[in-house]
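The values are calculated or read from the model by the stated rules, or taken from the named source; none is laboratory data. Since we're looking at a predicted model, the values are computed, not measured. Cβ: placed from backbone, ideal geometry, glycine included. Neighbour counts: every protein chain shown.
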Amino acid sequence: MKIQTLVVSDREFNDENVREFLKESYPEKYALIENWSELEGKLSAEPLGEGKYIVVYEIPDEEFQKDAEIFGGKEQAMGAFLTTALEHGWEEVPTRYVVYHADFIEGGNKLIAGIKTEEGTATYDQLKLEEMIKRIAQYPRVIAYSSDVLTYIQDIYPDVQTKAYVIAREIAKQVGQAPELEELGKVYRVDTSTLEGKLELIDKLVQGSIKLPTGEEVKIKPYWYPLEA
């Protein structure tokens with residue numbers, strides 16, 4: 001298992017002294033490591049510039065066997081650790097993601113939502129949103145183009161706000177305002193008249209550099225970075 005967190009420092013540090021840095025500057029984050037001291041893991045730090053660092057804590061899955069008897073199994077121990085990690089300001093390092101989008105149809109009276117995973121695309125009407133949420137919950141990162149679509153499901157899945165990478169937000173950080181998804185569809189020659197087309201386009205956009213209708217190109221941060229990075 002790999003978990004990560006974002007830290008800020010006015011002095012450089014590295015893999016050798018990251019443990020001491022956390023203990024001194026981020027005691028709440030360090031408390032996780034201290035409270036689970038029986039687990040042998042590796043700490044590393046990746047500089048992002050401007051004093052920001054990603055700290056990664058990697059623990060071999062086999063280590064959780066040490067707590068299997070207490071929690072009723074290795075998987076349960078891993079789940080308990082991850083829950084505690086979230087409470088201490090860490091998150092699981094995302095190695096996979098689910099793309100999510102939603103539209104109102106029939107004059108705004110009916111919601112249709114969809115997801116795209118490695119298994120393909122699936123759509124759900126508003127009566128089957130809970131079925132969709134069960135699939136979304138299996139992924140550590142949710143990719144959406146705009147934050148508006150998150151509000152449609154946050155009542156039944158509040159955790160989506162803490163897992164969502166919003167592409168328009170990342171574009172806006174660099175150029176001030178993000179274009180509409182349909183405008184980008186024209187740039188990428190993707191048919192956005194369907195929900196499936198929009199999901200396909202969002203999946204393309206999250207891969208890295210984005211071509212804007214103005215001709216400008218922006219490079220957004222990787223989806224696996226901590227959301228606050």
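Quick check, is Glu200 acidic (Asp, Glu), modelled with pLDDT of 95 or more and under 24 Å from Glu91 (Cβ atoms)? No: the conditions fail for Glu200.
The set of residues in region 126-163 that are surrounded by fewer than 16 Cβ atoms within 10 Å (Cβ to Cβ), under 18 Å from Pro94 (Cα atoms) and basic (Lys, Arg) comprises Lys134, Arg135. For the structure I just gave you, tell me whether Ile115 is closer than 25 Å to Glu200 by Cβ and in contact with a His (Cβ under 9 Å, 6 or more places away or on another chain). Yes. Applying the selection to region 23-33, what residues are farther than 22 Å from Ala80 by Cα and in contact (Cβ under 8 Å) with a residue 12 or more places away in the chain? Listed by number, the list holds a single entry, Ser25.
In region 109-116, is there at least one residue being closer than 26 Å to Met1 by Cβ and buried (at least 18 other Cβ atoms within 10 Å of the Cβ)?
Among the residues of region 109-116, at least one is closer than 26 Å to Met1 by Cβ and buried (at least 18 other Cβ atoms within 10 Å of the Cβ), which makes the answer yes.
Once region 164-176 is narrowed to residues that are surrounded by fewer than 18 Cβ atoms within 10 Å (Cβ to Cβ) and not hydrophobic (A, V, I, L, M, F, W, C), the residue that is nearest to Gln126 (Cα to Cα) is Arg169.
Residue count for region 192-229, restricted to those that are in contact with a Phe, Trp or Tyr (Cβ under 7 Å, 6 or more places away or on another chain) and farther than 18 Å from Glu180 by Cα: 2.
Considering the conditions (1) under 20 Å from Ala164 (Cα atoms); (2) under 21 Å from the mean Cα position of the chain (by Cα); (3) touching a residue at least 12 places away in the same chain (Cβ under 8 Å), Thr83 is excluded by exactly one of them, (3).
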